[in-house]
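Engineer: The structure under discussion is supplied below as structure tokens; questions concerning it will follow.
The values are calculated or read from the model by the stated rules, or taken from the named source; none is laboratory data. All values reported here derive from a predicted model rather than from experimental measurement. A quick note on method: Cβ atoms are made from the backbone with ideal geometry, for glycine too, and the neighbour counts reach across all protein chains shown.
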Amino acid sequence: MEHIGTQLNTIERNMRINSADPIARHGFTQVPNFILRDARLSVGAKTVYALLLSYAWHNDLCFPGQGRLASDMGMGVASVNRFIKELEQASLIEITRRGQGRTNFYTVNFVVRKKVRKS
């Protein structure tokens, strides 16, 4: 009987993780599948949602600046603002503006609520 390690080494792979301990090194963020599979959301909006989750996951708080989000995404602040508005319109986040010179406070919603359209 052949050892399982030998069998696994002969399997063709399409991915490799090159790190001793990727979870402990940088952590990870779980994004709900309904977000990933929602064709109405842009890729940028999905990325902002994931970043907001990554900031809030351990603290239950989330208030990164738009400059920080833009830097993390390698995009401009105007693009990040567009993605944030998209998430807000989809009721996936709520924004509490905290005043001049202070970052906004974001509430990330895990529950999809049907938005009532005004006639």
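Engineer: Can you find, within the range 25-69, the residue that is modelled with the highest pLDDT among those that are more than 16 Å from F110 (Cβ to Cβ) and touching a Ser or Thr at 6+ places or on another chain (Cβ under 7 Å)?
Structural biologist: By that ranking, first place goes to G44.
Engineer: A further question on this structure: Looking at D72 and the list (1) charged (D, E, K, R); (2) at pLDDT 85 or above; (3) closer than 18 Å to I93 by Cα, which single condition is not satisfied?
Structural biologist: (3)
Engineer: Right, another one. How about the range 32-87: which of its residues are part of a helix (DSSP H, G or I) and of a type in the set (G, A, S)?
Structural biologist: The answer is G44, A45, A50, S54, A56, G67, A70, S71, A78, S79.
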